[in-house]
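**Q** Okay, here's the structure, questions in a sec.
The values are calculated or read from the model by the stated rules, or taken from the named source; none is laboratory data. Given the structure is predicted, the values throughout are model-derived calculations rather than measurements. Here the Cβ is made from the backbone with ideal geometry for all residues, glycine too, and neighbour counts use every protein chain on show. Just the protein is used for accessible areas: all its heavy atoms, side chains included, with ligands, DNA and RNA removed. Shrake-Rupley method; radii C 1.70, N 1.55, O 1.52, S 1.80 Å.
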Amino acid sequence: MRKLAFAGLAAITAAVLTTVGVAAADPPPSSLVQVPSFGANPGALAMYTYTPAGLEAGRPVVVALHGCTQSAADYYAHSGWPALADRWRFEVVFPQQSTANNSMKCFNWFSTADDTRGNGEAASVKSMVDKAVADHGSDRSRVFVTGLSAGGGMTADLLAAYPDVFAAGGINAGLPAQCATSVVEATNCQQNDQHLTPAQWASKVKAQYPGYGGPWPRVAIWLGTADYTVYPVNGTELRDQWTAVHGVSQTPTSTQSLPGGTTLTNYADKVQLYSIAGMGHGTAVDPGTSTTQCGSTGAYFLAGICSSYHTGVFFGLDKGSGTTTTAVPPTTTTTVQPGTCVSAGNYAHTQAGRAHQSGGQTYANGSNQAMGLWNTFTIHALRETSPGYWVLADGQC
C-alpha cells in the first residue's frame, strides 16, 4: 500500500495525499441519506447524513471527512461513527468531495481558496453544520469534526477557520492547520519537519480568524509510527500547534498505554496525541461487539484500536446520552517526567533503535526528524517523549 501511495502521489501531484481507499462507484447505504440542498455551497461538495431513528432535539453533531479516493459511504461503512451515534445519540454529517474539485477526491486542505473562513469547501462544511442544526435542533455548543488524511488536514483547517463553530476535533493521519498553500508545499508538509516553533505554528491558527479570543477547540491527534504517507512528525507539529494555541506546555501531563500498541499522551486535557506503534497510514478501527470496539477493516481502515470510540469519549459524546460507557482500562498510567535523553553519534542511535537511516541520512524514530548523515561523527541528542517516540533534544541532555 505504501508503494501504491507514493506512486499515486508522483503520478497525480494535485491529489497530494494518496489515501487509496474504497472506490465510490457504489451508491451509499440506504441509511446514509443525501441532503440535496443545504444552503451556500461554494466548495461544490455533497452532503450526506446519518441520523439515528427518533433523534431528540439538543443532541450533538459530528462532521466526518473521508480520505482521498474515498466517499461518504466508505467512511460511513468503516469508521464506526454510525454505531456510536446510535449508542450516544448524535447526528453524523459526511461531506463528500468530487473529482471535479480534485482528481483524487481529496479535500483541498492546502488551498486558501478552500480551507479558509468563508471560502470554498470550508464554507460548504459550515453550511452543512447549519443545516443539520436547523433540521434537528442540535446543540450548537457540541459540534465536532474529524477526518482521515486529506480529511484530517481539512479538519485542522476547519478548527482554525471556525473555532466558534467546532468545540473539538479529531485528526487522523492529518497535518497541521495551514501547513501548506500549494501542492509543492503540501508534499513537503507530508514528509518533512517544517522546523517551526510552537508559537509560529499557533500563529497560523490565530491568523485564520483575527480578533477571536477563544475558547479554542480541543484536539485529538492520531498517527501511526510507520506512516510513510503522512510522516509521524506531523503529530509532533500538531501537538506543538494546538498546545501553543491553548497556552499549555508541550511537556505532557500524563501518558497511558492503550490497546493496539497505542500510547496516549495528554496535555492538560486540551490536546491528546495517540501514537500507534507499527501502524501505517489510515484510521484505526477495532471490529467487535464490546463497548470500546467499533468499525470494520478496509483500505486504510486498519485494525488495532477504535479511534472513533476514544475520540468520541474525548469529545464527551458519551456524557448525557442515557447509556453507560465503560472506559478502557489503561495498561499503565503515569505522570510524565522528562524522558530518557541520550547524546550519541547517528550510527550509535540507529544501532540502539532510537533512529533509522534511509539513503545515508538519519531520522529519529517516531518523530522522523532529520538528523543528518548516518555516521559516527554526526552527533545529536534525542529525547524519548513516549515509548519509541524520539525527538531532537540538542543541548538538553
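**Q** Would you compute, from DSSP H runs of 4+ residues alone, the mean residue ellipticity of the chain at 222 nm, taking -39500 (n - 2.57) per run and dividing by the full residue count, rounded to the nearest 500?
**A** Rounded to the nearest 500, the figure is -7500 deg cm²/dmol.
**Q** Which lysines, if any, have their Cα less than 26 Å from the Cα of K204, not counting same-chain residues under 8 positions apart?
**A** K204 reaches K105, K126, K270.
**Q** Let me spell out the model: positive unit charges on the Cβ of Lys and Arg, negative unit charges on the Cβ of Asp and Glu, origin at the Cα centre of the stretch 203-271. What dipole size does that give, in debye rounded to 20?
**A** Using only the charged Cβ atoms, the result is roughly 200 debye.
**Q** Taking θ = phi - 60°, what integer Hz values does the Karplus form 6.51 cos²θ - 1.76 cosθ + 1.60 yield along the stretch 57-67, in sequence order, with x for Gly and Pro?
**A** So the Karplus estimates, Gly and Pro as x, are 5, x, 9, x, 10, 10, 9, 10, 9, 6, x Hz.
**Q** On full extension of the chain, what length is gained from V183 through D86, given 0.36 nm per residue of separation minus the C-alpha to C-alpha distance?
**A** Here the answer is 31.0 nm.
**Q** Next question. Which ³J(HN,Hα) values in Hz, rounded to whole numbers, follow from the phi angles of the stretch 358-372 under the Karplus curve 6.51 cos²θ - 1.76 cosθ + 1.60, where θ = phi - 60° and Gly and Pro get x?
**A** For the stretch 358-372, the Karplus curve yields 8, x, x, 10, 10, 9, 5, 5, x, 7, 6, 5, 6, 10, x Hz.
**Q** Just to verify a number: FRET efficiency for A100 and E56, C-beta to C-beta distance, R0 = 51 Å, to 0.05?
**A** E(calc), rounded to 0.05, equals 0.85.
**Q** Binning every alpha carbon pair distance of the chain at 10 Å from zero, what are the percents per bin?
**A** Going out from 0 Å in 10 Å bins, the chain shows 5, 25, 35, 25, 8, 2, 0 percent.
**Q** I'd like to know which of S290, A355, A85 lies farthest towards the positive end of the charge dipole of the chain, counting +1 on Cβ of Lys and Arg and -1 on Cβ of Asp and Glu.
**A** A355
**Q** Just to confirm, what accessible area per residue do you get for the chain at 1.4 Å probe, in whole Å²?
**A** 36 Å²
**Q** How big is the charge dipole of the chain about its Cα centre, in debye rounded to the nearest 20, if each Lys and Arg gets +1 on its Cβ and each Asp and Glu gets -1 on its Cβ?
**A** In total the dipole reaches around 260 debye.
**Q** Just need the Rg to Rh number for the stretch 133-244, please, alpha carbons only, Kirkwood Rh.
**A** 0.98
**Q** To the nearest 10 degrees, how steep is helix 120-136 against the longest Cα principal axis of the chain, on a 0 to 90 scale?
**A** With rounding to tens, the tilt is 50 degrees.
**Q** Now for a separate question. So if I take the centroid of the Cα atoms in the stretch 195-245 and the same for the stretch 31-67, what is the distance between those two points in Å?
**A** Each part's Cα centre sits 26 Å from the other's.
**Q** Further question: Antiparallel as a % of all DSSP beta bridges within the chain, to the nearest 5?
**A** Around 60 percent antiparallel, to the nearest 5.
**Q** Something else: In nm, to one decimal, how far is the modelled label at S254 from the one at S296, with both set 7 Å along Cα→Cβ?
**A** 3.6 nm
**Q** With θ set to phi - 60°, apply the Karplus curve 6.51 cos²θ - 1.76 cosθ + 1.60 along the stretch 207-217 and write out the HN-Hα couplings as whole Hz, x wherever there is a Gly or Pro.
**A** 6, 6, 9, x, x, 6, x, x, x, 9, x
**Q** If you don't mind, another one. Ranked from highest to lowest mean number of other Cβ atoms within 10 Å per residue, what is the order of the peptides 119-132, 274-287?
**A** My ranking of the peptides, most packed first, is 274-287, 119-132.
**Q** Here is a follow-up. Show the residues, 5+ positions off or on another chain, whose built amide H is closer than 5 Å to the amide H of V285.
**A** The answer is L302, A303, G304, I305, S307.
**Q** Which FRET efficiency value, to the nearest 0.05, is calculated for S203 and A113 with the Förster distance at 25 angstrom and r the Cβ-Cβ distance?
**A** Efficiency at R0 = 25 Å is approximately 0.75.
**Q** Placing +1 on the Cβ of each Lys and Arg and -1 on the Cβ of each Asp and Glu in the chain, which of S203, G58, Y48 has its Cα farthest towards the positive end of the resulting dipole?
**A** Farthest along the dipole direction, towards plus: S203.
**Q** Could you list which residues have their amide H under 5 Å from that of Q70, counting only those 5 or more apart in sequence or on another chain, with H placed in the peptide plane?
**A** G21
**Q** For A355, enumerate residues with amide H under 5 Å from its amide H, sequence gap 5+ or separate chain, H modeled in the peptide plane.
**A** For A355, the qualifying residues are T350, N365.
**Q** Expected output is a single nm value to one decimal: the length gained when fully extending between A44 and F377, i.e. 0.36 nm times separation in residues minus the C-alpha distance. What is it?
**A** 114.4 nm
**Q** Highest mean first, what order results for 210-219, 344-353 on Cβ atoms within 10 Å?
**A** Ranked by mean Cβ neighbours within 10 Å, highest first: 344-353, 210-219.
**Q** Return the aspartates and glutamates within reach of K319: Cα separation strictly under 20 angstrom, same-chain partners fewer than 8 residues apart disregarded; answer none if there are no such residues.
**A** E56, D86, E91, D139, D269
**Q** By how many nm would the segment from Q34 to D139 grow when fully extended, if each residue of separation counts as 0.36 nm and the alpha-carbon distance is taken off?
**A** 35.7 nm
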